[in-house]
């Protein structure tokens, strides 16, 4: 059994510990807010924050934002951003397949030759196209194009 002196010391230590804990928990939110809350925000602060809005991050997020364009036969195509530019994908839910909608390099080469402008496989100058069994139709370089695929 503890002596009376030990009981007093033990009780005092417990009371001090509880007071310190309560003071820390009570003061912490106020201290945290003070450390991160400036008196006023400058135009530069707002410009910096604007860089984190969704539209400004789109170029940093790859393979997102799928918007299906339905084709006959329950297939669809969509365009996604990749590191090299944009890729067009053909999806077939019935067969569970996903593949490039066409040969991007071959189409870029043919369009470059026909138009006299240089195009890269994943930098094709269109966002929409029509696709049927063996032909793609799109507008680029100021005119309409049709190409066998």
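Filtering segment 133-147 to residues that are at pLDDT below 90 and over 9 Å from residue 111 (Cβ atoms) leaves 133, 134, 142. What tally of residues in segment 115-134 results from selecting those that are surrounded by 12 or more Cβ atoms within 10 Å (Cβ to Cβ), touching a strand residue (DSSP E or B) at 6+ places or on another chain (Cβ under 8 Å) and farther than 18 Å from residue 79 by Cβ? Residues flagged as surrounded by 12 or more Cβ atoms within 10 Å (Cβ to Cβ), touching a strand residue (DSSP E or B) at 6+ places or on another chain (Cβ under 8 Å) and farther than 18 Å from residue 79 by Cβ within segment 115-134 amount to 1. At least 2 residues being free of Cβ contacts under 8 Å to residues at least 40 places away in the same chain and within 19 Å of the chain's Cα centre (by Cα) is the threshold, and among the strands (runs of 3 or more DSSP E) wholly inside segment 39-149 those reaching it are 76-82, 85-92.
The values are calculated or read from the model by the stated rules, or taken from the named source; none is laboratory data. None of the values given here were measured: they were computed from a predicted structure. Here the Cβ is made from the backbone with ideal geometry for all residues, glycine too, and neighbour counts use every protein chain on show.
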